Amino acid sequence: MSDLQSQDYIRRSASTLTPPSIRRYEDQVAKLIDVSRCIGCKACQAACMEWNNLRTEVGTFEGSYDNPSDLGPSTWTLMRFTEWEDQKGNLEWLIRKDGCMHCEDPGCLKACPAPGAIVQYANGIVDFISENCIGCGYCVKGCPFDIPRIDPVDHKSYKCTLCSDRVGVGLEPACVKACPTGAIMFGSKTDMTRWAGERVEELKSRGFEKAGLYDPPGVGGTHVMYVLNHADTPSIYAGLPDRPTISPVVEVWKGFLKPLALAGLAFTAVAGFFHWIVVGPNEVQPEDDEAARQLLESKEKSR
Amino acid sequence: MTGRTRPPSFVRHTTAARVNHWIIGICFVLLVLSGLSMFHPMLYFLSSLFGGGQWTRAAHPWIGVVLTVSYAGLIVQFWRDNQWRRDDLAWMGAIGRVIVNKEEGVPEVPRFNAGQKFVFWSMTLFVPVLFVTGLAIWEIYFAAYTTIEQQRIATLIHSFVAIAAIIVWIIHVYAGIWVRGSMQAMTHGRVTPGWAWRHHRKWLRQLAASDSRGPKPGAQTSSQTDLKGDRR
C-alpha cells in the first residue's frame, strides 16, 4: 500500500511528527466475525491466500483441524478449532477465525522502532509497510493477540492487512467476500456494532445467555470484532484473550523509559561538559613530578 | 630535571589489556549507536551508519557477542586490582574534593580508585545481563526458545540496563578526558611518575618498593631494561 498516496494516516510508528492525515474524515470500518454462524469451511483462508498471493509450505498433520497449525508469515488468517464441553457435559465445537484484530490502540505500532513500518489509517486498519520493516520483532512483543510473524528469509513481519488494498477502493476484504454463511461481515464500525447487537439478542433468545460482542476496551476496541456465544469466557475460543491490553512491560519500555533514558543520557553528558567548563582538567603539577622523583631516587639510593 | 633527558615512565596497561580494552571500546560505541537507533525514533537516523534498519538489526547482536567475549578477557586481566577495599570507602567519602581537583588529604589510591572500580563492576554486571537478555530477543535464532512475555521482560531489562551502561560509559569517557594523562595510559600504555604520584600514589609506592616498571608490583618484564635505557 505504500506506493499509494494514503494521506489518511492517523498513526505512524516511531514518528514524532503528525503523519499525512488530511483524509482523516473517513468512516471507521470493522470486520464482524460471527462464530455462531461459522461452519469451519476455511473458505476465508483460501480467499486470503488467493487475494494476497500467499502460499504457505504444506506442513504435517498435527492431530487437529487447524491447518496450518499456526499463523505464519504467509498465513494471515487461520481457523482455530476447539472442542469444548459446557457444565452439562454437552460438547460444542468452537471455531474461531484468528488473525489481526486491528486494535484501535495498536501495541505493535507502539512497540515498532522503525519509522513508518506500521501505520494506522483513518478507517482504523493497522497495516505493515514492509519496506520500512527491519525485522526486529518488537511488534511481536507489543501485540496482545500473538499475531505478527517474522519471515526467516526476508526478515519482515507479516499479518492480516484487513485487505487495506481492497478496502481502499471500496471493496470488502477477501475473506468476507468468500464466506458462504455470512459469518464474516464488513462495514462501518457503527453498522457492525448495531448488527452484532441484533445477533447477540437472537443468540440469547436461543439459550446462549452469555452471548455478546467481543470489542475489547483494553485496546481501545478493535476493528475486527467477534460475536461469541460465550462472551463471558473468550479464552475458551482457542485462547482469545479475556481482557487484552498492551502489556504493562511494553508500556513501561515505550512510554516511561524512552523519554527518561534520553533525559538521563543528556543530563550526564551536559553535567560532564559543565564540569569541564567549571572545574577543568585535572593536570599533573610540577610538585607531583618532583615528589615522584624524590620517591624514586630515595629507592635507588637505598638499594 | 637537570642531568636527565626525560623522566622514566611506568607501564600502566599492558599491550594485551589495551588491545582488549579498545576492542570493547569500539564495540561499545557501535552498540550504542545501533542500539539507540532502535530505541528512540528521534535517533533512528543513526541506523544509516550501519546501512539501514535491517543491517542495524542484523549487526547489533553480533557486535554484542564480540563485546561480551572481549569483556570476559578484561575481567580476567583487571578483576584483582578492582577488588573492593576498606580504603575505597574513605576515598568515596572524599569524592567532593576529588571532583574539584583539590586532592590534598584524599586517601592514597592503589592501581584503581573507587570510581574506576565502580565503572569496572558496573560493566561487569551490565555486560552479562545485556548478553543474556539480548539473546532472548535475538529474533532470528532464539525467538523459538522464549515466550513472548519473556521477550517483553528481556527487552525492558535490556534497554534499561543499556541506558545505565551508557551513563556509566559517559562518566568513564569524561573521566578519561578530565584526568589528563589517562587517555595516553590506555592508548600508549604509559604514565609519568608524576601522574602516578598524583593519581595512584599507593600504586607508585608499590612499584617503587618492588623496583617494578608496572603495571603490577614485582612485575619484572622486559620493560625493565627500558627503564634503564630511559635513564641514560
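Quick note: the coordinates plus some simple rules give every number you see, no bench work behind them. Keep in mind that this is a model prediction, so the values were computed, not measured. Virtual Cβ from ideal backbone geometry, glycine too; neighbours counted across all protein chains shown.
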Taking all pairs of distinct alpha-carbon atoms in segment A:97-204, Kirkwood radius in angstrom: 15.2
Where q = 0.08, 0.09, 0.13 Å⁻¹, what log10 of I(q)/I(0) comes from the Debye formula for the protein assembly as shown, counting one point per Cα? -0.66, -0.75, -1.20
Please compute the Cα-Cα pair-distance distribution of segment A:49-96 with 5 Å bins starting at 0, giving whole percents from short to long. 5, 19, 21, 20, 13, 10, 6, 4, 2
Taking only C-alpha pairs under 8 Å that are 6+ residues apart, what is the relative contact order of chain A in percent? 22
Rounded if a/c is under 1.5, else prolate if a/b beats b/c, else oblate: with a ≥ b ≥ c from the C-alpha gyration tensor eigenvalues square-rooted, which is segment A:253-302? oblate
Kindly write out, for segment B:40-47 in residue order, the coupling ³J(HN,Hα) from the Karplus curve 6.51 cos²θ - 1.76 cosθ + 1.60 (θ = phi - 60°), rounded to whole Hz, with x marking Gly and Pro. 10, x, 5, 10, 4, 4, 4, 5
Point-to-point label distance, B:Glu108-B:Asp87, nm (Cα→Cβ direction, 7 Å offset): 0.7
Expressed to one decimal in nm², the mean projection of the alpha carbon convex hull of chain A is 27.9
Short version: ³J(HN,Hα) in whole Hz for each residue of segment A:104-111, in order, from phi by Karplus 6.51 cos²θ - 1.76 cosθ + 1.60 (θ = phi - 60°), x for Gly and Pro, what are they? 5, 10, x, x, 4, 5, 5, 7
Mean projection of the alpha-carbon convex hull of segment B:1-115 over all orientations, in nm²? 11.8
I want to verify a result. In a Gaussian network model of chain B, Cα cutoff 10 Å, which of these has the top mean-square fluctuation: B:Gln206, B:Gln151, B:Gln54? B:Gln54
So for chain B, Kirkwood radius off the Cα pairs, Stokes-Einstein at 20 °C and 1.002 mPa s: how many µm² s⁻¹? 108
The alpha-carbon pair-distance distribution computed for segment A:7-124, with 5 angstrom bins and whole-percent values, is 2, 9, 14, 16, 15, 15, 12, 8, 4, 3, 1, 0
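Once you order the gyration tensor axes a ≥ b ≥ c over the Cα atoms, which shape class does segment A:169-211 get: rounded for a/c under 1.5, otherwise prolate or oblate by comparing a/b with b/c? Mind dumping the intermediate values first?
Values: a/c = 4.34, a/b = 1.87, b/c = 2.32.
Note, shape of segment A:169-211 comes out oblate.
Once you average over the residues of A:288-300, how many Cβ atoms of partner chains fall within 10 Å of each Cβ? Write out the running numbers ahead of the final one.
Details: counts 10, 8, 4, 6, 13, 7, 2, 9, 11, 1, 1, 6, 3.
The shielding value for this peptide is 6.
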Hey, what do the phi angles of segment A:156-162 turn into as Karplus ³J(HN,Hα) couplings, whole Hz, using 6.51/-1.76/1.60 and θ = phi - 60°, x for Gly and Pro? 10, 8, 10, 6, 4, 9, 6
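What's the average, rounded to a whole number, of partner chain beta-carbon atoms within 10 Å of each residue's beta-carbon in A:274-286?
Working: counts 0, 5, 3, 0, 1, 5, 4, 6, 15, 8, 12, 4, 2.
For this peptide, the per-residue mean of nearby foreign Cβ atoms is 5.
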From Cα pairs below 8 angstrom and at least 6 apart in sequence, can you work out the relative contact order of segment B:15-108, rounded to a whole percent? 27
Per residue of A:12-19, other chain Cβ atoms within 10 Å number on average 2
Please give the length that would be gained between A:Lys204 and A:Lys301 if that part of the chain were fully extended, namely 0.36 nm times their separation in residues minus their C-alpha to C-alpha distance (nm, one decimal). 24.5 nm
For segment B:101-219, with equal point scatterers placed on the C-alpha atoms only and solvent neglected, what are the log10 I(q)/I(0) values from the Debye formula at q = 0.11, 0.20 1/Å, to two decimals? -0.54, -1.07
One finds the C-alpha centres of segment A:242-264 and segment A:1-57 to be spaced, in Å, by 26
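Using the Kirkwood formula on the Cα atoms of segment A:161-297, what hydrodynamic radius do you get, in angstrom to one decimal?
Numbers: mean 1/r = 0.0471 Å⁻¹.
21.2 Å is the Kirkwood radius here.
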Quick one: which residues, 5+ away or cross-chain, put their amide H under 5 Å from the amide H of A:Lys31? H built at 1.01 Å from N. A:Val224, A:Met225
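Sorting check: for A:276-284, B:110-118, which peptide has the highest mean count of neighbouring beta carbons within 10 Å, and how do the rest follow? The partial results should precede the final answer.
Details: A:276-284: 13.3, B:110-118: 20.2.
Result, highest mean first: B:110-118, A:276-284.
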With a cut-off of 8 Å between alpha carbons and a minimum separation of six or more residues, what is the relative contact order of chain B in percent? 30
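Under 1.5 on a/c is rounded, so check that first for segment B:24-69, then, if it is not, pick prolate when a/b is larger than b/c and oblate when it is not; a ≥ b ≥ c are the square roots of the alpha carbon gyration tensor eigenvalues.
prolate
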What does the helix-only formula give at 222 nm for the protein assembly as shown: each DSSP H stretch with n ≥ 4 adding -39500 (n - 2.57), the total divided by the residues, and the result rounded to the nearest 500 deg cm²/dmol? -13500 deg cm²/dmol
